[in-house]
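Read through the structure below, which is laid out as structure tokens, and then see the notes.
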Amino acid sequence: MYSRDDVKWMRRALSLARRGLGSTSPNPMVGAVIVNNGSLAGSGYHKKAGEAHAEVNAIADAGVLCRKSTLYVTLEPCCTFGRTPPCTDAILKAGISKVVIGCTDPNPLHAGKGIEILKNAGLEVVCGVEEEQCRRLNEPFFKWISTSMPFVLLKLAVTLDGHIATASGESRWITGEIARKRVQKLRMWADAVMVGGETVRKDKPSLTVREYPCAKQPRRLVASRKMTKDELALYMTGETPEIVAPDSKDAWLSLLQRLGAEKVTSLLIEGGGELAASALAAGIVDKVEMHMAPKILGGKNSRPCVGGPDPDSLNSALNLKDTTVFRLGQDICISGYL
């Protein structure tokens, strides 16, 4: 069992972990705090792939106060040599007496083994504190490490009547500034961003992170069967994005398998409607995030947020689960899992 204090300190560790957004992939975001006699002794988070893990940074921050202290960490400590030594070794050497873990590591090299090492060394180990939040924090890593494919998030910006653009393709701007800043955060989260060729022609999107300091920019992918690199260069600056053409379930799966092998753990699909329809029909979307503006566009030829063939009945509708709703200024965000 765990206490209110356990929840309090784990939430602090989660807050620290989120500071690694955009810089830890393909590693997970992890935060850690060390508590001695009820007071914070040290804290740390995983700042960048290849650098020290959260536990090691927290131990360095706490110093001698590690002795007989409690470590709170959002993910099970690693127990193997990678680009850095095992965190279990550092924990034992520091003299920590208790470890509170948010969730176990899905990596087969570590899953449960780090916990076993700590218990066998005589440490008290508590698992599952704020487990759901700890898992959600790293849902791309969890999927990628277990399936070798990236987690796919479909983001759409729509009017109240379900449109993403006028009949001519005008779509700037459906949502407001706060929602657009949210998209910048999603691009920080993503290892790769994808849009359709028609979106490129109409919107000339950068698909880059501009609003926040970012350790790396996401890979840019354009889904089109007709667009050439020379044409693409007319609409998008910088290094030419990769052109892909996933037009079937097998093609989508092949693309995701290749991206996963290239250490892409998260893919953000930003539209348009036909690309959204293709991804949904292929069953490769894990989560949908819809930014809904309080606008009614109207027009039978205005472009729908999801295109594709007309369904025969409401039974064809895809149902979201575990939905959340929150405000983005005047806009509303609805998200859920498929």
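The values are calculated or read from the model by the stated rules, or taken from the named source; none is laboratory data. These figures come from a predicted structure and were not determined experimentally. When we count neighbours, we look across all protein chains shown, and the Cβ atoms used for this are built from the backbone with ideal geometry, even at glycine. Keep in mind that these areas ignore ligands, DNA and RNA; they rest on the heavy atoms of the full protein, side chains included. Shrake-Rupley method; radii C 1.70, N 1.55, O 1.52, S 1.80 Å.
List of remarks:
- Accessible area of the chain divided out per residue, in Å², using a probe of 1.4 angstrom: 49
- Placing a pseudo-label 7 Å from each Cα along the Cα-to-Cβ vector at ALA251 and LEU21 gives an inter-label distance of 3.4 nm.
- Highest mobility in the GNM of the chain, judged by mean-square fluctuation with C-alpha springs under 10 Å and restricted to THR24, THR265, THR80, is found for THR80.
- Accessible surface of the chain, 1.4 Å probe: 50 percent of it comes from carbon and sulfur atoms.
- The chymotrypsin sites (Phe, Trp or Tyr not before Pro) found in the range 171-272 that occupy coil by DSSP, while having at most 16 further C-beta atoms within 10 Å, are TRP173.
- Averaging Cα coordinates gives a centre for the range 1-54 and one for the range 86-121; these two points are 14 Å apart.
- Legend note: in the chain, cysteines whose Cβ sits 4.7 Å or more from every other cysteine Cβ are CYS66, CYS78, CYS79, CYS87, CYS127, CYS214, CYS305, CYS333.
- Efficiency of FRET from Cβ geometry, ILE296 and ALA261, R₀ 51 Å, rounded to 0.05: 0.70
- Between helix 273-282 and the chain: long-axis angle, C-alpha atoms, 0 to 90°, nearest 10: 60
- The range 223-263: trypsin sites (Lys or Arg not before Pro) in DSSP loop, at most 14 other beta carbons within 10 Å: ARG225, LYS226, LYS263
- Residue range of the chain that is longest and free of GluC sites (Glu not before Pro) which are both DSSP loop and sparsely packed (at most 15 other C-beta within 10 Å): 52-169
- Estimated from helical segments only, the mean residue ellipticity of the chain at 222 nm is -9000 deg cm²/dmol, where each DSSP H run of four or more residues counts as -39500 (n - 2.57).
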